[in-house]
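Report on the following structure.
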Amino acid sequence: MEYKGGQLALGHVELTLPEHGIYTIIGPSGSGKSTLLRAIAGLLPSYTGELLFNGKSVHAKETLIGLVPQNYGLLPWKTVQANIGIAMKISHPEGLHKQEQEVQIKHWLTSMGIAELAGRYPLSLSGGQQQRVAIARAFAILPTILLLDEPFSALDAITRETLQELFLDNWLANPATTLFVTHDVEEAILLGQKVIIMPSNKEEMPEIVDNHSVFQMKHEHKRDSDEFFEQTKAIRKVMQEKW
Amino acid sequence: MVNIRRFHHLARLLLVFLCMNVVWYIAYLLMNHPILPSPLAVYNAMAHLEAKDLWLNISYSLFRIFAGVIIALIVGLLIGLLMGRSQVWNKLLDPVVYLTYPVPKIALLPVVMLFFGLGEVSKILMIMLILLFQVIISVRDGVKAIPDSTYDVLTSIGASTAQKFWNVMLPGALSVILSTIRISLGTAISVLFFTEIYGTEHGMGFFIMDAWLRLDYPEMYAGIMLFSLVGFVLFLLVDVLDYKFMKWRN
């Protein structure tokens with residue numbers, strides 16, 4: 001897939017990934033990882049190449065995309081509940097009953113641990129709370145593809161760890177095909193089944209590192225395990241070669 | 001807490017109103033001339049106005065203001081959105097707006113009356129003209145100020161243009177629209193007064209001028225005060241809308 005915006009923002013990339021997996025994408029700034037995500041989300045006016053999901057274009061009607069941008073992307077003039085509600089309504093026009101929708105919203109807010117914030121406006125929330133809302137919204141539309149663009153990079157370390165675990169728990173309960181862009185090696189290893197390393201040189205292909213050994217562990221054990229340590233070393237080595 | 005603050009606010013307003021009346025009364029005593037009646041005489045005249053007749057006048061004025069404001073909002077919103085979202089339209093319409101904006105709209109009153117007669121159309125049109133350009137400019141700037149990323153999530157789930165309008169553009173631009181209405185409402189009311197001097201037998205402007213011509217000064221002052229009251233209520237209305245739709249800012 002190629003995209004040109006005066007300069008090449010993202011070079012030739014070919015990736016084939018199994019469905020229902022979670023893949024973390026890591027790469028230096030300017031390697032085009034956000035561009036890839038924006039292209040899949042349908043936010044780029046033009047690019048050349050093909051983006052297929054199950055043999056059909058990702059922009060086809062039946063492919064629903066749940067996007068979690070770095071800046072949360074909440075509408076400040078809508079309450080938390082209304083933010084999730086409007087996304088559900090637009091993505092599923094046939095719609096649920098109002099009460100049914102409210103039950104659903106409550107369910108997703110509860111699973112993100114913020115049920116009490118339903119009536120609040122985004123500007124009155126902390127960054128971590130806003131990102132919880134954004135993730136709840138992405139899950140609530142029951143997406144076929146989930147895209148996260150450095151969702152936790154603006155948050156402090158403790159909030160980030162809490163949210164990583166919360167996100168993974170929710171994902172395991174609702175495993176949509178997920179692309180998770182990050183610039184943090186640890187985060188990539190903690191969350192991904194496979195880690196995709198984008199090269200800084202746009203001519204080269206991205207490197208895919210299998211991360212199954214760490215992914216199958218319980219989340220709280222991951223950080224202290226030997227596998228995690230080994231994986232970090234392996235990925236850093238690839239990074240040194242590619243960047 | 002809120003009630004106490006509201007009570008204080010109300011008490012302050014009443015106190016100021018009372019003081020203004022005292023100043024007025026002193027001026028009346030000093031002048032001692034029929035062109036400035038005492039406040040008591042004016043309130044007395046106000047109490048003796050025929051309610052039905054008064055309501056008719058107020059309703060006519062309100063109808064003209066509302067019609068003018070609503071038409072200006074609809075037309076201004078469409079043009080402003082077009083200019084805010086499309087480079088081409090902005091480049092095309094920007095010079096038009098900037099060239100016509102400084103034209104004193106009140107000076108167009110005779111022109112509008114020549115073209116549209118002395119009836120309702122020219123009165124509503126005048127109010128619309130006063131508001132239109134300010135609405136266009138504020139909507140355009142308001143829509144431009146919404147960051148592109150605000151649309152991203154809705155775009156990615158396939159929102160239509162109409163859905164983006166109702167959920168992003170309109171609420172995003174609403175705060176500037178409301179402040180524009182608040183500012184231009186004062187001008188609109190003044191213009192209404194001028195237009196109601198001609199070709200009508202209803203409306204607050206007519207009522208005041210009619211009392212003036214009959215040399216019934218207490219009634220004239222009563223009309224001015226009622227006209228101001230109408231303006232005050234309209235201001236409050238904008239405040240209520242602001243409170244209702246702008247909760248998210250705090």
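We did not get these values from a lab; they are worked out from the coordinates using the rules stated. The shown structure was predicted, so the numbers you read here are calculated from the model rather than taken from an experiment. Ideal geometry is used to build each Cβ from the backbone, glycine not excepted, and the neighbour counts take in all protein chains shown.
Given a Förster distance of 51 Å, report the FRET efficiency between B:TYR243 and A:GLU241 from their Cβ-Cβ distance, rounded to the nearest 0.05. Walk me through the intermediate numbers first.
Working: r = 60 Å, r/R0 = 1.18.
Taking R0 as 51 Å, the efficiency between B:TYR243 and A:GLU241 is 0.25.
Divide by every residue of the protein assembly as shown the summed helix terms, -39500 (n - 2.57) for each DSSP H run of at least 4, and state the resulting mean residue ellipticity at 222 nm, rounded to the nearest 500 deg cm²/dmol. Let's see the in-between values first.
Working: 20 runs with 296 residues, N = 493.
So the calculated ellipticity at 222 nm is -19500 deg cm²/dmol.
Report, as an integer, the average count of C-beta atoms from other chains found within 10 Å of each Cβ along A:41-54. Walk me through the numbers on the way to the answer.
On the way: counts 5, 5, 7, 0, 0, 0, 0, 0, 0, 0, 0, 0, 0, 0.
That average works out to 1.
Sort the following peptides by mean Cβ neighbour count (other Cβ atoms within 10 Å, averaged over residues), highest first: B:216-223, A:161-168.
On the way: B:216-223: 21.4, A:161-168: 18.4.
My ranking of the peptides, most packed first, is B:216-223, A:161-168.
For A:LYS61, list the lysines whose Cα falls under 21 Å from its own Cα; do not include residues on the same chain fewer than 8 positions away.
Partners within reach: A:LYS89, B:LYS164.
On full extension of the chain, what length is gained from A:SER213 through A:LYS56, given 0.36 nm per residue of separation minus the C-alpha to C-alpha distance?
Result for the pair: 53.4 nm of gain on full extension.
Using the per-residue mean of other Cβ atoms lying within 10 Å as a proxy for protection, in what order, highest first, do the peptides A:56-63, A:191-198 fall? List each step's numbers first, then the result.
Values: A:56-63: 12.8, A:191-198: 23.4.
For the peptides A:56-63, A:191-198, the packing ranking is A:191-198, A:56-63.
For A:LYS242, give me every one of the aspartates and glutamates with a C-alpha distance below 14 angstrom, ignoring sequence neighbours fewer than eight places off in its own chain.
A:GLU203, A:GLU204, A:GLU207
Please give the net charge around B:ILE127, taking every other residue with its beta carbon less than 10 angstrom from that of B:ILE127, where Lys and Arg add +1 and Asp and Glu add -1. Intermediate values should be presented prior to the final figure.
Working: positive: B:ARG64, B:LYS105, B:LYS123; negative: none.
With Lys, Arg at +1 and Asp, Glu at -1, the net is +3.
How shielded is B:157-163 by partner chains, expressed as the average number of their Cβ atoms within 10 Å of its Cβ atoms? Present the calculation step by step, with values, prior to reporting the outcome.
On the way: counts 17, 9, 5, 2, 0, 0, 4.
Mean shielding by partner chains, rounded to a whole number: 5.
Do the alpha carbons of any pairs in B:LYS91/B:LYS144; A:LYS194/A:LYS237; A:LYS78/A:LYS106; B:LYS144/B:LYS247 sit beyond 20 Å of each other, and which pairs? Don't skip to the end; give the middle numbers.
Numbers: B:LYS91/B:LYS144 14 Å; A:LYS194/A:LYS237 16 Å; A:LYS78/A:LYS106 16 Å; B:LYS144/B:LYS247 22 Å.
The answer is B:LYS144/B:LYS247.
The stretch A:178-216 to the stretch A:63-86: how many Å between their Cα centroids?
26 Å
What residue among B:LEU185, A:ILE141, A:ASN201 has its Cα farthest toward the positive end of the dipole of the protein assembly as shown, where the charges are +1 on Lys, Arg and -1 on Asp, Glu, each on the Cβ?
Toward the positive end, the furthest listed residue is B:LEU185.
What FRET efficiency comes out for B:GLU50 versus B:GLN87 if R0 is 41 angstrom and r is the Cβ-Cβ distance? Round to the nearest 0.05. Spell out each step's value before the answer.
Details: r = 58 Å, r/R0 = 1.40.
FRET efficiency, B:GLU50 to B:GLN87: 0.10.
Among A:226-238, B:14-26, what's the highest-first ranking by average C-beta atoms within 10 angstrom per residue?
Working: A:226-238: 14.6, B:14-26: 11.2.
The densest-packed peptide leads the list: A:226-238, B:14-26.
Where the only charges are on Cβ atoms (+1 Lys, Arg; -1 Asp, Glu), what is the dipole of the protein assembly as shown about its Cα centre, to the nearest 20 debye?
On the way: 39 positive and 42 negative charges, 210 e Å.
It comes to approximately 1000 debye.
If you count the DSSP beta bridges with both ends in the protein assembly as shown, what percent of them are antiparallel, to the nearest 5? Spell out each step's value before the answer.
Values: 10 of 28 bridges.
That works out to approximately 35 percent antiparallel.
What does the structure give for A:130-141 when I average, per residue, the other chain Cβ atoms found within 10 Å of the residue Cβ? Spell out each step's value before the answer.
Values: counts 0, 0, 0, 0, 1, 0, 0, 2, 3, 0, 0, 2.
Partner Cβ neighbours, averaged per residue: 1.
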